[in-house]
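*Asks:* Before I ask anything, here is the structure I am working with.
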Amino acid sequence: MLVATGPALQAQTPVHPLDQLSAKEHWAIYDALQASGKLDSTFRLLYEGLKEPTKSAVLAWQPGQPLTREATVHLTQGKFGYEAVVDITGKKLVSWTQLPGKQFMTSGPESDAAGGVAMKDPRVKEALRKRGVTDFTHVSCSPANNGYFDLPEERNARVLHVTCGDRRGLISGYGESFDGFVVVVDLTNEKVLRIVDVASARSGLPDGHSPEEIGPTRAPVNAVTMVQPKGATYTLNGHEVAWQNWKFHFRMDMRRGLVLSRVRYVDGGKERSVMYQGSLSELFVPYMDPSDPWNYQGYFDLGTYPFAFGGIASSLEPGVECPEYATYFHSYVVTAKGAPRERQRTACLFERNTGDVAWRHTRAAGSVNEARPRTDLVLRMYMNAGNYDYLFDWVLGQDGAITVNLGATGMDQVKAASGKPKDNDYGRMIANKLVGVNHSHFFSFRLDMDVDGTQNSLLVDKLQTTTLPKENPRRSIWTVNTLTAQTEKDGMRMSAMNAPEVWRIVNPAVNNPFGWPVGYEIEGHGAMSLMSPDDYMRQRAGFVDHTLWTTPYAPAELYASGDYPTNSVAGDGLLKWTSANRSIANTDVVTWLTLGFHHVPRPEDWPVMPVAWHSFAIKPVGFFGRSPAIDIPRQR
Ligand SMILES: [Cu+2]
């Protein structure tokens, strides 16, 4: 069979100020850190990513001009966390800051160390023996979470709640877990603080998802193949993409994943800015079971685990996870000692036509049908987040809209069932001896909209009931009442189906042909937090308080729950920044969209859940004078 293959993999040498770090640059960072004299033999890298030049510098940059390349580095050394800024070009250290507290990201070695402290305690083996364990060869203990409640024992130490499991017999998925047994470890002082031993439930070895565990498969469908015989329509210049009036740049970041920048639309031959940058900013998954360690389980997947995951983006399988004909892009992660490691095919780019229409209308009493085929440009990554996998598609449309589709798949977190009715109190039985525990997923997307320039405002269109005078046979209609958000407080919006609002980022200085400001709508509705306002876990993830936040552009404000959400003290990130209630009218604004969903697990999620989709869109509202999709040609 002839298989259409995509263009060659793209080169990694930076040619744009926002390009991702190359292997050579990772080594330059290493050299600079070593030359600084700051490192001792215990250093352990946790994150390296591009420290972006200022927005004004990027906007002023022209191809061929020299690049300013800097990196932000997170590391631990001894028992402390550090943040360094490195001048890559000059191979020198710009700054070196010890982090307050114990809030650095977690890592595999830390997990092993915490497990080691637990296993050394004779009470642990004794408790496991009581549960019937005789062979400890495949038993291991590791932190279930990096939860934090600012308890006295947690304040000056890295405290982790460690659970144990047995991987004997494991083929795929989870090993056997011992629920109701938690070892609270103070890793800073390498001691066990206490042992929680409240139940003796054993899960048994759960069913996995390898072919031999799945069993017989159904008859396959006949091949349905997407091919693009004439090759891609988009053009690439490094990581700059041009397609159907869209132009943008993207890179992969170990923590943020896909970062799209300088998103522009060519309208009548003129490049118009839509968004300076868009990316994920945090992902928070709190569990809803009051028992230890579940009450500690509120995962900040971006801020805590990128190193443990080996970078959040995982490799894509051509023909399964992206079409064969897609273009694939590599990226790099670093080892604990700062060596770059290539991650192959962490992003893919492709055009997609699924037989849908962009628009259609039947006129002249059904005799003339005007319809146009829809083609999208998809930029995709899969995020590895421990038991979960998330799929992120940034979809650019011919209608001037960008849709972000987020697919959740992977494995539910489960605990051993006790066989009593209370098993269903905080979750549901979803497999043999297993309870899927209730939880929520909250994503924060940072969307730095620059609509026709940097000076923008947030307009809130409130759809409200208006009663009509008696003479009218109608009693009421709804009308749109628009307010301009003046401050960050005005910019905090909640999605509510019974009080609908349209959120528009507009440029007050640029009017469309009809005399009102050009704009883009942020359209996103999702579940909001059900945790009470005094729940410390909620306060650590403050971004869940609102669907939309709007802040004045500040280059250092990248992460919705702060730079260091691991074991963090409440109130960082958006909560802290917006407490100043800064002005957001007619200035450079950044919007933050919270996309959430609650998850009551079901048997159909097991052993691997079918992809569940959620999405939001960035849609033109009065940005164009007519439908941008109207000029799609009739014949493909
Ligand atoms: Cu879930």
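*Asks:* What value, in deg cm²/dmol to 500, does the helix sum -39500 (n - 2.57) over DSSP H runs of n ≥ 4 give at 222 nm once divided by the residues of the chain?
*Replies:* Taken over the chain, the calculation gives -2500 deg cm²/dmol.
*Asks:* Specify the angular offset, from 0 to 90 degrees and rounded to the nearest 10, of the alpha carbon long axis of helix 23-35 from the longest principal axis of the alpha carbons in the chain.
*Replies:* Long axis of 23-35 versus the principal axis of the chain: about 50 degrees.
*Asks:* Of 55/337; 489/576; 55/247; 38/79, which sit over 21 Å apart, Cα to Cα? Provide the component values of the computation, followed by the final result.
*Replies:* Numbers: 55/337 32 Å; 489/576 12 Å; 55/247 17 Å; 38/79 15 Å.
From 55/337; 489/576; 55/247; 38/79, over 21 Å: 55/337.
*Asks:* Cysteines of the chain lacking any other cysteine beta carbon under 4.7 Å?
*Replies:* That list is empty.
*Asks:* Sort largest first and round to whole Å: the equivalent ellipsoid semi-axes of segment 469-553, each the square root of five times a Cα gyration tensor eigenvalue. Don't skip to the answer; put the middle values down first.
*Replies:* Details: eigenvalues 181, 98, 21 Å².
For segment 469-553, the semi-axes come out at 30, 22, 10 Å.
*Asks:* Restricting attention to the alpha-carbon atoms of segment 259-371, what are Rg (one decimal) and Dmax (integer), both in Å?
*Replies:* Looking at segment 259-371, its Cα Rg and Dmax stand at 22.1, 71 Å.
*Asks:* Rounded to a whole number, what is D in µm²/s for segment 108-214 from Stokes-Einstein with the Kirkwood radius over alpha-carbon pairs (37 °C, 0.692 mPa s)?
*Replies:* Working: Rh = 14.5 Å.
Result for D is 226 µm²/s.
*Asks:* What FRET efficiency comes out for the pair residue 198/residue 242, r = Cβ-Cβ distance, R0 = 51 Å, nearest 0.05?
*Replies:* On the way: r = 60 Å, r/R0 = 1.18.
Calculated transfer efficiency: 0.25.
*Asks:* Next up: Measure nothing but the geometry: give the 0 to 90° angle between the long axis through the Cα atoms of 108-120 and the longest principal axis through the Cα atoms of the chain, rounded to 10°.
*Replies:* 30
*Asks:* Run the reach check for residue 415 against aspartates and glutamates, Cα to Cα strictly under 14 Å, same-chain hits fewer than 8 apart removed. What comes back?
*Replies:* Partners found: 166, 176, 179, 207, 289, 292, 423, 425.
*Asks:* Further question: What are the extents of the Cα atoms of the chain along their three principal axes, listed from largest to smallest and rounded to whole Å?
*Replies:* That gives 81, 65, 63 Å along the principal axes, largest extent first.
*Asks:* In Å³ and rounded to a whole number, note down the convex hull volume per residue for the Cα atoms of segment 23-98. Could you put the intermediate results ahead of the total?
*Replies:* On the way: hull volume 6.9 nm³, N = 76.
For segment 23-98, the hull spanned by Cα atoms encloses 91 Å³ per residue.
*Asks:* A further question follows. For segment 194-342, max minus min Cα coordinate along each principal axis, in Å, sorted largest first?
*Replies:* 69, 44, 34
*Asks:* Report the one residue of 365, 565, 165 whose Cα lies farthest in the direction of the positive end of the charge dipole of the chain (charges on C-beta: Lys and Arg +1, Asp and Glu -1; origin at the Cα centre).
*Replies:* 365
*Asks:* With r defined as the distance between the Cβ atoms of residue 120 and residue 213 and R0 fixed at 25 Å, what FRET efficiency is calculated, to the nearest 0.05? Show your work: numbers first, answer last.
*Replies:* Numbers: r = 34 Å, r/R0 = 1.36.
In this case the efficiency is close to 0.15.
*Asks:* DSSP loop (so not H, G, I, E, B), at most 13 other Cβ within 10 Å: list which chymotrypsin sites (Phe, Trp or Tyr not before Pro) in segment 441-544 pass both filters.
*Replies:* Values: sites: 442, 443, 445, 478, 503, 514, 520, 536, 543; in loops: 514.
Passing both the DSSP loop test and the Cβ count: 514.
*Asks:* How high is the FRET efficiency from residue 226 to residue 615, r the C-beta distance, R0 22 Å, rounded to 0.05? Write down the numbers at each step before the final one.
*Replies:* On the way: r = 21 Å, r/R0 = 0.95.
Approximately 0.60, to the nearest 0.05.
Since every read-out is calculated from the coordinates, none of them should be taken as a lab result. Values in this document were obtained by computation on a predicted structure and should not be read as measured data. All Cβ positions, glycine included, derive from the backbone under ideal geometry; neighbour counts span all protein chains shown.
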